[in-house]
Amino acid sequence: MGWIEPELDKGPLFEIDGKGLQSVGADSASFHLLIIGASVAWGSYASLEKTTYFSLLEQQLNREGHRIKISILAAGAWISSQEVMALLHIGFGLNPNVVLFLDGMNDITNADEPEIDRARQFIENMKLAGQICAGKNIDLVYALQPSIAEKKVKSKLEQRIVQTLPPTAREQEIKKDYQRIRVALKAMKGSKIRFLDCSDVFSAEVPTTFADLWHFADPGHQLLADFLTKFFLETYFSNEESNKI
């Protein structure tokens with residue numbers, strides 16, 4: 001994996017255990033969701049743990065009568081190859097019902113080698129994750145993370161962010177890579193594999209949502225949590241699906 005986040009307890013800000021994990025919800029919950037990714041999945045730029053997308057997701061599902069535990073296995077600057085290793089070495093030992101990869105941006109923006117087809121590399125790693133989860137009979141959700149390039153209405157500050165992107169992460173290149181990834185992940189869908197496109201969940205927002213190329217503060221976390229809550233209610237907590245859990 002290269003690295004994990006260090007064990008830290010910062011009270012209401014965040015708490016990370018010795019395996020680099022954050023968690024919310026009751027250990028006794030019958031439904032365990034494991035989220036894997038990098039700094040966005042980790043909850044960066046939220047002001048408190050309770051305002052992260054994953055904490056809001058747990059709170060909102062709990063209010064709907066669904067007790068759920070969420071574990072976050074993520075570290076700043078990880079790319080998909082590291083995330084798959086994290087799933088293998090740590091994730092499966094947590095016995096999740098569902099694994100959700102919330103990622104995509106780091107793979108196509110953080111690599112310096114121009115000769116590498118970064119989108120293809122990401123797709124192949126996600127394909128591998130799907131094969132591994134299928135072997136364990138665990139549901140997998142590919143969640144393509146929010147992208148400033150996909151935000152249709154950009155504030156003046158967000159326009160400045162886009163204008164200052166490095167050559168390896170131009171807006172049109174991000175959109176092109178995201179479309180390739182989107183098509184590939186949709187094609188991988190099956191009875192145990194789902195695709196959730198979170199790329200433009202902020203598109204209707206006129207105010208500034210993104211703080212930089214990747215991250216967003218509390219309002220963005222709330223929007224993402226709302227989107228995920230709707231997905232989980234419809235996919236896993238409808239009456240028919242709840243009886244299968």
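Using just the C-alpha positions of the range 141-190 as equal point scatterers, what log10 of I(q)/I(0) does the Debye formula give at each q in 0.14, 0.16, 0.32 1/Å?
For the range 141-190, the Cα-only Debye profile gives -0.42, -0.53, -1.25.
Just going by the charge dipole of the chain, with Lys and Arg at +1 and Asp and Glu at -1 on Cβ, which of S199, S44, T209 is farthest out on the positive end?
Value: S199.
Do any of K136/K230; K127/K189; K154/K176; K151/K189; K50/K136 go past 21 Å between their Cα atoms, and which? Could the numbers behind the result be given before it?
Values: K136/K230 26 Å; K127/K189 10 Å; K154/K176 18 Å; K151/K189 25 Å; K50/K136 31 Å.
In this structure, K136/K230; K151/K189; K50/K136 exceed 21 Å between Cα atoms.
Once you have a ≥ b ≥ c as the square roots of the Cα gyration tensor eigenvalues for the chain, tell me rounded if a/c is under 1.5, and otherwise prolate or oblate according to whether a/b is larger than b/c. List each step's numbers first, then the result.
On the way: a/c = 1.43, a/b = 1.26, b/c = 1.13.
Cα axes put the chain in the rounded bin.
Dipole size in debye (nearest 20) for the range 83-124 around its Cα centre, Lys and Arg Cβ +1, Asp and Glu Cβ -1?
That gives the range 83-124 a dipole magnitude of about 260 debye.
Determine the shape class of the range 24-86: with a ≥ b ≥ c the square roots of the Cα gyration tensor eigenvalues, call it rounded for a/c under 1.5, and otherwise prolate if a/b is greater than b/c, oblate otherwise.
Working: a/c = 3.18, a/b = 1.54, b/c = 2.06.
Oblate, because a/c is 1.5 or more while a/b does not exceed b/c.
Quick one: accessible area per residue over the range 133-174, 1.4 Å probe, rounded to a whole number of Å²?
Numbers: 2110 Å² over 42 residues.
Computed with neighbouring chains in place, this is 50 Å² per residue.
Could you pull out which residues in the range 122-151 have an amide N less than 17 Å from a spot 7 Å beyond the Cα of A187, following the Cα-Cβ vector?
Inside the label zone: 122-131, 142.
So, for the range 1-97, what is the accessible surface per residue at a probe of 1.4 Å, expressed in square angstrom? Let's see the in-between values first.
Details: 4180 Å² over 97 residues.
Using a 1.4 Å probe on heavy atoms only, each residue of the range 1-97 averages 43 Å².
Hey, any idea what % of the range 92-225's accessible area is carbon plus sulfur with a 1.4 Å probe? Could the numbers behind the result be given before it?
Numbers: 3150 of 6050 Å².
Carbon and sulfur: 52 percent of the exposed surface of the range 92-225.
Report the relative contact order of the range 121-245, percent, no decimals, based on alpha-carbon pairs under 8 angstrom and at least 6 residues apart. Could you put the intermediate results ahead of the total?
Working: 121 pairs, mean separation 40.8, N = 125.
Normalised by residue count, the contact order of the range 121-245 is 33 percent.
Run the dipole for the range 76-185 about the Cα centre, Lys and Arg Cβ at +1, Asp and Glu Cβ at -1, nothing else charged, and hand back the magnitude in debye, nearest 20.
Numbers: 14 positive and 14 negative charges, 102 e Å.
In total the dipole reaches around 480 debye.
For the range 120-208, with only Lys/Arg (+1) and Asp/Glu (-1) charged at the beta-carbon, what is the dipole magnitude about the Cα centre, in debye rounded to 20?
Numbers: 17 positive and 10 negative charges, 38 e Å.
That gives a dipole near 180 debye.
Taking Cα atoms, how many degrees apart are the long axis of helix 53-63 and the longest axis of the chain, rounded to 10 and kept between 0 and 90?
So the helix axis and the longest Cα principal axis differ by about 40 degrees.
Would you mind checking the tilt of helix 80-89 against the longest principal axis of the Cα atoms of the chain, expressed as 0 to 90 degrees and rounded to 10?
20
What is the chain's relative contact order, in percent, from Cα pairs under 8 angstrom and six or more apart in sequence? Numbers along the way, then the final one.
Working: 417 pairs, mean separation 52.8, N = 245.
For the chain, the relative contact order is 22 percent.
Of all accessible surface on the range 1-79 at a 1.4 Å probe, what whole percent is carbon and sulfur?
Numbers: 1700 of 3450 Å².
Answer for the range 1-79: carbon and sulfur cover 49 percent of the accessible area.
How big is the shadow of the Cα convex hull of the range 31-134, averaged over all directions, in nm²?
7.1
Against the longest principal axis of the chain, how steep is helix 118-136, in degrees 0 to 90 to the nearest 10, with axes from Cα atoms?
Once rounded, one gets 10 degrees.
The values are calculated or read from the model by the stated rules, or taken from the named source; none is laboratory data. Treat the numbers as computed from the prediction; the structure is a model and nothing was measured. Methodologically, a virtual Cβ is constructed for each residue, glycine included, from the backbone with ideal geometry; neighbour enumeration extends over all protein chains shown. The protein model used for the area step is the full one, side chains on, heavy atoms only, and it has no ligands, DNA or RNA in it. Shrake-Rupley method; radii C 1.70, N 1.55, O 1.52, S 1.80 Å.
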